[in-house]
1. Restricting attention to region 215-227, which residues are among the small types (Gly, Ala, Ser) and either modelled with pLDDT under 95 or in contact with a Ser or Thr (Cβ under 6 Å, 6 or more places away or on another chain) (or both)?
2. If you go through region 174-193, how many residues are surrounded by fewer than 19 Cβ atoms within 10 Å (Cβ to Cβ) and under 19 Å from residue 213 (Cβ atoms)?
3. Quick one: which of 181, 273 is of a type in the set (Phe, Trp, Tyr), out of contact with any helix residue (DSSP H, G or I) (no Cβ under 6 Å at 6 or more places or on another chain) and farther than 22 Å from residue 139 by Cβ?
4. From the list 127, 175, 114, pick out the single residue that is within 30 Å of residue 267 (Cβ to Cβ) and within 22 Å of the chain's Cα centre (by Cα).
5. If you check residue 216 against the conditions, is it in contact with a helix residue (DSSP H, G or I) (Cβ under 9 Å, 6 or more places away or on another chain), crowded, with 16+ Cβ neighbours inside 10 Å and more than 28 Å from residue 37 (Cβ to Cβ)?
6. With the requirement that a residue be modelled with pLDDT of 95 or more, among the aliphatic types (A, V, I, L, M) and in contact with a Lys or Arg (Cβ under 9 Å, 6 or more places away or on another chain), what does region 91-104 give you?
7. With (1) under 26 Å from residue 190 (Cβ atoms); (2) at pLDDT 95 or above as the list, and residue 136 as the residue in question, which single condition is left unmet?
8. Would you check which residues across region 89-108 are touching a Ser or Thr at 6+ places or on another chain (Cβ under 9 Å) and surrounded by fewer than 16 Cβ atoms within 10 Å (Cβ to Cβ) and list them?
Amino acid sequence: MRYTKMHGAHNSFVLIEALHGELPGEDLSVLARRLCSPESGPGADGMIVLVPAEDADVGMRFYNADGSEGEMCGNGARCLARYAAEHGLARDVERIRIRSAAGPVTARRITEELYRVRLNDPSLVDLRREVQLGDERVLCSYVELGEPGLPHAVVRVEAAAFDDLDALRERGRALRRSAAFPRGANVSFVCPTGPGRVRAITFERGVEDFTAACGTGCGAIAAAMLLSGELPGEELEVEMPGGLLRVSLRREGERVRELLLTGPTAVVEEGEFDL
């Protein structure tokens, strides 16, 4: 089975095609665990399966490294958009249409490596959700992108919190499985570094650790900051361990529209995987 390994701001994915019935009989959850493990496959944060879609250029099924199926992935969608553009799957590279489990997504090529994707609009926003962690109450913003919503918790921290990533990781692990989030949540820790700019790191469910970057996490951060009045304009730069991602968005009353994520993509390798 052929695969392509890519990354978006060092958030890595293994892409495989199933556009003409090529999928093996092996359970896709099992296959995702094998491919994403560096011990048995090329290693990645997630697996993207390209499937047919009647209303789009390509359909996207996304699996986390632990085999669980996710609703959508922002950096993954940008990588998929580049793959579609370079493999002749997109009719128009200025409007690449992707069908995800969370709803339709559109993307466009800006340069050979830079791609922009319109994330699913937030379907639920709770700017002040309290989470009980032992004797402590943690205040966060809870955002779901798309239908069904991809769950994100946005937690504000001081800059010093990034000095102890082990402690922050344990906090993320506890919050990720809190009863306050019925389906679990991706947990982004955020610290403003200037007007329209933040530093952030995301503990992702399904990976169960920090990743180099989280595209939908950036979208959730921007949406929460815009609606809470923390964002001076309609653009946010997010500095993540894997690089800089940019989000632009528009406010309509108490809703967020046109959530656009822009960032780099890269092809790491192409190869064959023995089933």
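The values are calculated or read from the model by the stated rules, or taken from the named source; none is laboratory data. Since this is a predicted model, take the numbers as computed values, not measurements. Here the Cβ positions follow ideal geometry from the backbone for every residue, glycine too, while neighbour counts run over all protein chains shown.
1. 217, 224
2. Counting residues in region 174-193 that are surrounded by fewer than 19 Cβ atoms within 10 Å (Cβ to Cβ) and under 19 Å from residue 213 (Cβ atoms) gives 3.
3. 273
4. None of the other options fit; the residue is 114.
5. So residue 216 fails the test.
6. 93, 96
7. Going through (1) under 26 Å from residue 190 (Cβ atoms); (2) at pLDDT 95 or above one by one, residue 136 breaks only (2).
8. Hit for region 89-108 is 95, nothing else.
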